[in-house]
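Readers should treat all values here as calculations from the given coordinates under stated rules, not as data from a laboratory. Since we're looking at a predicted model, the values are computed, not measured. In this analysis, Cβ positions are derived from the backbone assuming ideal geometry, glycine residues included, and neighbour counts consider all displayed protein chains.
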Amino acid sequence: MSWFDSLPLKRMCDDMVAGSTSIIGTHLTNVTKTLLTPLAPFAITANYADRVQDYCTRIGQKIPPENLLKEAQPQIVGPCLDALKYIPSDAPLTEMFLNLLASSIDKERTCYAHPAFPLILSHLSHDEAYILYRVSEKAFESEEYAEPTSEKLLFCPLLLRNYLFYPDNYDTYGTHLNSLGLVSFYHIQSSYHHNKLYDRIILSAFGKLFANACISDNMKEIFKEK
């Protein structure tokens with residue numbers, strides 16, 4: 001008897017598939033059941049079956065059935081499922097974890113799924129996740145005037161400021177993302193010039209790999225951008 005036929009796992013899979021039937025129909029139900037084959041050895045140890053059911057459905061929508069790998073990468077799936085226990089199901093970071101899981105079992109995108117990404121995702125705040133999403137679309141430059149008596153200049157590009165919970169932490173976020181190897185964050189000029197300070201943030205090569213694995217086209221909706 002294989003691990004897939006074991007009673008606890010079979011019961012969990014049956015429950016998860018039955019739940020998805022009323023939501024997305026027979027075709028995606030089959031995809032979800034197939035998806036559980038690589039994920040089930042990890043999901044069975046989790047204590048949140050209802051949420052895993054929803055996550056499998058969402059992951060199934062991200063992968064063409066013909067691209068689904070038979071085996072998952074345990075160093076990615078295990079940490080992702082563990083981290084998801086502590087994040088609300090509708091949080092942008094949850095979507096990024098699900099994108100990474102989908103990438104890891106999609107034969108056309110598994111090359112992007114680096115085993116360091118689950119830990120990196122678990123270290124990100126909501127604001128840092130948003131910065132990465134926006135920077136993945138374009139490089140950001142900020143330019144602000146410095147007060148003559150200022151000891152420290154806090155600045156944030158306007159397009160980011162409107163959606164960050166704590167925009168005054170932008171400089172700290174950039175430094176943290178740079179330390180994770182995801183972005184290049186630096187002052188274009190090391191000194192003030194005409195009372196201005198210039199700043200620039202762009203994805204590194206590793207950051208582009210991260211974006212391909214973890215950032216999807218629906219992130220604008222997930223972040224509730226207007």
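Evaluate E = 1/(1 + (r/R0)^6) for T172 and E225, where r is the Cβ-Cβ distance and R0 equals 25 Å; express this FRET efficiency to the nearest 0.05.
On the way: r = 23 Å, r/R0 = 0.91.
The value I calculate is 0.65.
Using a simple spin-label model with pseudo-atoms 7 Å out from Cα toward Cβ, N218 and E66 lie 2.3 nm apart. Distance between the modelled labels on D50 and L159, one decimal in nanometres: 4.0 nm (7 Å Cα→Cβ projection). Each residue of the range 168-174 was assigned a 3J(HN,Hα) from its phi angle through the Karplus curve 6.51 cos²θ - 1.76 cosθ + 1.60 (θ = phi - 60°); the sequence is 5, 8, 4, 4, 5, 4, x Hz, with glycine and proline shown as x. Close amide H partners of V183, meaning residues 5 or more places away or on another chain with modelled amide H under 5 Å apart, are N178, S204. Peptides 97-107, 174-184 ordered by packing proxy, namely the average of other Cβ atoms within 10 Å per residue, highest first: 97-107, 174-184.
Once both labels are positioned 7 Å from their Cα atoms along Cα-to-Cβ, the gap between S204 and S125 label points is 2.0 nm. Phi-derived couplings, Karplus 6.51 cos²θ - 1.76 cosθ + 1.60 at θ = phi - 60°, listed residue by residue for the range 52-64: 4, 4, 5, 5, 5, 4, 5, 5, x, 6, 9, 10, x Hz, with x used for Gly and Pro.
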